[in-house]
Amino acid sequence: MQQKTTILKYTKLTVLTVFFGLMSISTFAQKIKIDGVAVVIGKNIVLDSDIEKFKQEVDARSEGKITISDCEMLEKLMQQKLLAHHAIVDSVTVSEAEISGRVDRSVEYFTQQYGSLDKVIKAYGFNDLDDLKKELYTVQKENVLIEKEQQNITEKIDVTPEEVRLYFNGLKKNEELPEFPAEIELAQIVLNAAPTKEENDRIVTKLTEIKKQIEEGASFKMKAIINSDDPGVTQNGGRYEVTKDSPFIKEFKEMAFSLDIGQVSKPFKSDFGYHLMQLHEVKGNMRVASHILMQPDIPDTRLKDTQQRAEQIAKDIREGAITFADAVKKYSEDKETKNNGGVIVNPYSGETKFDLTRMDPALYARVAELKKGELSDVFFDQNRNGEKMFKFIVMKDRTDTHIADLVEDYVKVQDLALRKKREETITKWAKGKIKDTYIKMSEVHSKCSFEKNWKKEISK
C-alpha cells in the first residue's frame with residue numbers, strides 16, 4: 001500500500017531538470033579523463049560517464065526515492081540536450097546577469113556543502129576560483145537556455161480547477177497522494193558593519209602608493225602576493241583572463257577594458273573592497289590583467305556597535321514598538337531582501353520556501369525551533385565578499401510534514417498538475433523535433449528501449 005509517496009514520483013522530469021542544474025558541475029569537473037561518447041544531439045554530447053554520475057546524484061539527492069536505469073537516464077539527458085540544441089536554433093538569448101547570478105549561487109551552494117571554497121576547488125580538480133567560475137558559467141548558460149526553451153514551449157499551458165480536482169482524485173484513488181515535507185518561510189534584517197571613512201582612506205592611500213611604486217618599476221606580481229587579499233593570489237599572482245562574458249564583477253570588467261597595455265589603474269571600489277589593476281595583454285576580445293585587492297579592516301568597536309543596534313531593533317520588534325516589516329524598510333541593509341519585506345529566497349530553488357530537512361546546517365540550527373512569528377537571536381555573519389554583518393531572522397510561516405489535502409494544499413497540487421501537463425507537452429514537442437535533429441548514438445546505447453524514437457526507426 002502506497003499511502004505516502006513523494007512528490008518526486010509525479011514530477012520526475014521536472015525534478016531531474018532541477019537536479020541537473022546542481023549536478024552538472026560534476027560532469028564538467030572531470031576535464032582530463034578520456035571518455036566515451038554515448039550520443040551526439042546536434043552539437044551537444046552525452047558522455048558514458050555522465051549517465052552513471054547523474055544516476056548516482058539522483059539517487060543521493062532523492063534519498064533513494066527515484067530509481068532510474070541507464071537507458072532511462074540517457075533518455076532524460078538526451079531530452080535536455082535536445083532542448084539546449086533547439087534553444088540555439090530558435091535564437092533564445094540569455095543575459096550575463098542571469099548567468100552570473102546563478103554562478104554566484106552555485107559557488108555559495110558548493111561552499112556550504114564542502115565547508116570552504118578551497119575544499120570545493122580541490123574536490124572538483126579546479127585550479128582556482130576563476131577556473132571554477134568559468135566551468136560553472138558554461139553549465140549555467142546551458143541550464144538557462146534549456147529553461148527558456150521549456151518556457152517557450154509551455155508558455156500557453158494552464159490547468160483549470162476541474163483538471164486539478166481530477167488530477168488529485170486520480171492520485172487519491174490509486175493511493176498515491178504525495179507527502180509534502182515540512183516547509184518554512186524566513187525573513188531577515190541585516191546590519192552591515194561597515195569600515196570607517198578613515199580606514200577606507202587608509203586603503204586608498206596604500207594602493208595609491210603601490211601604484212606609484214609599480215609605475216617606477218616594482219613588480220606588480222610581487223606587490224600582489226605581498227598585499228592582495230584575493231585568496232587566489234598565491235596561485236596566479238592576481239593575474240586573470242577577462243572577457244565581457246567572464247563571470248567577474250562589473251567594476252572589474254569595466255576597468256580591464258578601459259586600460260591601455262601596461263597602464264596601472266587608480267584605486268577603484270567594488271563589493272569585495274578596493275582594487276588596483278594593470279593591463280598586460282590584449283588578445284582579441286580578451287584582456288589579460290592583474291589586480292591587487294585590499295579589504296578594509298573593521299575595528300571591534302564598530303562590530304560591537306553594529307551588534308548592539310541589531311539587538312535593540314530585535315528588542316523593539318518583540319515589544320511591539322515597531323513591526324518587522326517597517327523595521328526592514330527602515331533599518332535593513334541587505335540589497336537582496338530589503339525591498340521584499342526581508343524575505344529570504346532559497347538559493348537552490350529560487351523560491352521563498354525552504355524544505356526544513358534540506359537546509360544549510362548553520363541556518364537550520366538557528367531556525368529549527370522557531371515558531372511562526374518568532375525571532376532568532378542576533379548573530380554574526382560574513383559573506384564571500386568579506387563583508388561583515390549582524391542579522392536576525394523571523395519565522396514568517398511554517399507547515400509540518402503531511403499528506404496532500406486538496407483544500408489546504410491546493411496551490412501545490414495545482415503546481416503538480418501543471419507540471420505534469422507541461423511535461424506531457426514537452427514530451428510531445430520532443431517527439432516532433434527528434435525527426436529533424438542530427439542524432440548519433442553509440443552501438444551499445446542503441447540497444448536501449450526508449451519512450452521516444454531517438455533511434456529514428458521506421459515503423460513497419
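Structure data summary
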item	result
Residue within segment 439-454 that is β-branched (Val, Ile, Thr) and more than 30 Å from TYR114 (Cα to Cα) present	yes
Segment 273-297: number of residues that are more than 19 Å from SER246 (Cβ to Cβ) and not in a strand (DSSP E or B)	3
Set MET294, MET277, MET286: member being of a type in the set (A, V, I, L, M), in contact (Cβ under 8 Å) with a residue 12 or more places away in the chain and exposed (fewer than 15 other Cβ atoms within 10 Å of the Cβ)	MET286
Hey, PHE450 aromatic (Phe, Trp, Tyr) and more than 26 Å from the chain's Cα centre (by Cα) or not	yes
Residue count for segment 283-314, restricted to those that are more than 20 Å from ASN385 (Cα to Cα) and of a type in the set (S, T, N, Q)	4
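Here is a yes/no grid of residues against (1) without any contact (Cβ under 8 Å) to a residue 40 or more places away in the chain; (2) surrounded by 14 or more Cβ atoms within 10 Å (Cβ to Cβ); (3) touching an Asp or Glu at 6+ places or on another chain (Cβ under 6 Å):
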{"position": "ARG61", "(1), (2), (3)": "no, yes, no"}
{"position": "SER69", "(1), (2), (3)": "yes, no, no"}
{"position": "GLU75", "(1), (2), (3)": "no, yes, no"}
{"position": "HIS85", "(1), (2), (3)": "no, yes, no"}
{"position": "GLY101", "(1), (2), (3)": "yes, yes, no"}
{"position": "TYR109", "(1), (2), (3)": "no, yes, no"}
{"position": "TYR114", "(1), (2), (3)": "yes, yes, no"}
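Table: residues versus (1) loosely packed, with under 13 Cβ neighbours inside 10 Å; (2) touching a Leu at 6+ places or on another chain (Cβ under 6 Å); (3) assigned to a strand (DSSP E or B).
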position: ASP334; (1), (2), (3): no, no, no
position: ASN339; (1), (2), (3): yes, no, no
position: LYS372; (1), (2), (3): yes, no, no
position: ASP377; (1), (2), (3): yes, no, no
position: GLY386; (1), (2), (3): no, no, no
position: ILE393; (1), (2), (3): no, yes, yes
position: ASP397; (1), (2), (3): no, no, yes
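Each reported figure results from applying straightforward, stated rules to the coordinates on display, with no laboratory input. Given the structure is predicted, the values throughout are model-derived calculations rather than measurements. Cβ sites come from the backbone with ideal geometry, for glycine too, and all protein chains shown count toward neighbours.
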